[in-house]
Every structure is written in structure tokens, then in C-alpha cells.
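Asks: First the structure, which I've put down as C-alpha cells, then a few questions once you've had a look.
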Amino acid sequence: MKRLDGKTAVVTGASSGIGRAIVEQFIAEGAKVFAFARNAEALKTLEVAHPGQVIAVSGDVTRQEDLQQLVATVLKNTDAIDILIPNAGIARVVSFEDSTADAFSEQFSVNLFAAAETARLFVPHIRKGGSIQFITTFLTQVGFPGLAIYSASKAALKSLSQTLAAELAPKGIRVNSIAPGPIATPLWGTVGLPADTLGAVAEKINARLMQGAFGQPEDIAETSVFLASDAAKNIYGQEIVVDGGYTIG
């Protein structure tokens, strides 16, 4: 028996990286997944590759009307869901000198506000025994120059997760978060640093990782499957750090 047989999930940021890996691992474990992201073409390939198991919905998590359309599509196809993963996120390297209100807004709008709004809209439609997983970061535990805004947005999300765990437990909904460490995803190349600088930073990071290399999206997906499964039924309000040992090195 597969770990997620009979369960229905919604995953945002599902077109690449960690989100896509979660979708594919959930499918392998028997779940049906509503996959949401801006990249309609990438989502369509997922849907075509997994007929009947993936329903693609394209949109932007920062647009209220797009989130409402996602909810409407889900409810058109099922009466409730079991798992919600507001995974969509962005990261930008911004010096503190340049950390204006607009710079804060850009990252908080996706990483915190959109994740919270996605959860708020779906909570009434999550079955008892269901779960929400937020995706935070190992950077809530360590400092990294230029990532003050990103880290702060994810630290706020971690706090939100802990509070919602207490608030939603009486409704039969478990809330936890996963904190990825350095993971080889397209996000790494969008932070705003030149390729040579990214390479130098990666070398320093690898030297601190127990396996000497960035983790893979599948590492996070496996943790997500566990948290979504009945094996994690007594885990509430925890942040599971999957960082290759970075924060202990």
C-alpha cells in the first residue's frame, strides 16, 4: 500500500524545483495532485505525463483572483483536500543598504503573504486528519549576507506555521514546515548574483555540507511525503530541517 493512497493534495510553485519534486513523489505514493504555478507549459507536461493524477492550474500566488480560481477548480473536481503545500517562493540577494520597503514587499508578498492567503482560502476545505506544510529555510537559523529580507520572510512563515498548528489542531488539521538547506534547484540561479559569484559561494557552502554537495529536490519531497502521511499523525508545529548538516557544521 502506498503512503498517500486516496489522498488529494494542492501544491503551489509546482512547475519546477522542490514543488515539482513534491508533486512527482506524491503521485508515486498514490495521491492526486492539483499543481499550481505561473509556468503553464511546464504544468501541462506534468498533467500529460500523469493523466488522472495531476490537474494543472496556472496562475500567480500574489493575485487573489488566481488563488480563488485555484480553489474553484479544486472544488469543481473534489469535495475536499487532504494536503496543502503553499510552496511558491522567491529569493533575491539584496544588501541591507538597498532593503527598501519595495524590496521587502517583493519577497514578503510571495513568501509570506501569498502562502498565508493560500492556506486561509483552503482551510475550510481540508478534511479532518489533513495537513498543511509550509516551506521555510535553514537560513532562519543562520545568517547569510544579502539575504536579510528572504530570511526574515521565511522566519515569519515559520512563526505562522507554529501558531496555526495550535489554532487549527482542534479542526483536525496538522501544520508543520520543512526548512530546506542548500538545494540544487532553479531558484539558486535567480537570486541576482553573477555566475562566477554563485560558483564561489557554492564552493564555500559545499565545504560545510556533510556530503560535500547541495541536496536534491527529492530530499525535500521525501520529507514532505512523510509529514503528509499517517506516520506523522502526532507531529504538530515542527520545522523539519533538511540541510545536509549545514547548521551543525
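Asks: Please report, ordered by residue number, the helices (runs of 4 or more DSSP H) entirely within the stretch 110-224 with at least 2 residues that are within 29 Å of residue 28 (Cα to Cα) and of a type in the set (A, V, I, L, M, F, W, C). Reasoning before the result, please.
Replies: Working: elements: 115-122, 148-168, 195-208.
Once the helices (runs of 4 or more DSSP H) in the stretch 110-224 are filtered for at least 2 residues that are within 29 Å of residue 28 (Cα to Cα) and of a type in the set (A, V, I, L, M, F, W, C), what remains is 115-122, 148-168.
Asks: Taking the stretch 34-64 on its own, how many of its residues are within 26 Å of residue 149 (Cβ to Cβ) and of a type outside the set (Lys, Arg)? Even if it seems obvious, please write down each step before you answer.
Replies: Keep residues of the stretch 34-64 that are within 26 Å of residue 149 (Cβ to Cβ), which gives 36-39, 59-64.
With the extra rule that they be of a type outside the set (Lys, Arg), the set shrinks to 36-37, 39, 59-62, 64.
Qualifying residue count for the region: 8.
Asks: Turning to a different aspect of this structure: Need pairs with beta-carbon distance below 7 Å; first residue within 18 Å of residue 38 (Cα to Cα) and within the stretch 96-120, second part of a helix (DSSP H, G or I) and among the β-branched types (Val, Ile, Thr); sequence gap 6+ or separate chains.
Replies: 107/149
Residues checked against (1) touching a strand residue (DSSP E or B) at 6+ places or on another chain (Cβ under 6 Å); (2) over 30 Å from residue 143 (Cα atoms):
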position	(1), (2)
50	no, yes
57	yes, yes
71	no, yes
79	no, yes
82	yes, yes
88	yes, no
93	no, no
98	no, no
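Asks: Considering only the stretch 226-241, I want to know if a residue exists there that is surrounded by 15 or more Cβ atoms within 10 Å (Cβ to Cβ), within 17 Å of residue 143 (Cα to Cα), modelled with pLDDT of 90 or more and not small (Gly, Ala, Ser).
Replies: For the stretch 226-241, residues surrounded by 15 or more Cβ atoms within 10 Å (Cβ to Cβ), within 17 Å of residue 143 (Cα to Cα), modelled with pLDDT of 90 or more and not small (Gly, Ala, Ser): present.
Asks: Using the structure shown, decide if residue 216 is of a type outside the set (Ser, Thr, Tyr) and farther than 22 Å from residue 161 by Cα.
Replies: Working: of a type outside the set (Ser, Thr, Tyr): yes; farther than 22 Å from residue 161 by Cα: yes.
Considered against the rule, which asks whether it is of a type outside the set (Ser, Thr, Tyr) and farther than 22 Å from residue 161 by Cα, residue 216 comes out as yes.
Asks: I want to confirm something. Restricting to the stretch 4-49 and keeping residues that are under 12 Å from the mean Cα position of the chain (by Cα) and part of a helix (DSSP H, G or I), which single residue is farthest from residue 231 (Cα to Cα)?
Replies: 17
Asks: Which numbered condition trips up residue 160, out of (1) within 20 Å of residue 14 (Cα to Cα); (2) buried (at least 18 other Cβ atoms within 10 Å of the Cβ)?
Replies: Tallying (1) within 20 Å of residue 14 (Cα to Cα); (2) buried (at least 18 other Cβ atoms within 10 Å of the Cβ), residue 160 fails exactly one: (1).
The values are calculated or read from the model by the stated rules, or taken from the named source; none is laboratory data. All of these numbers come straight from a predicted model, not from anything done at the bench. Virtual Cβ from ideal backbone geometry, glycine too; neighbours counted across all protein chains shown.
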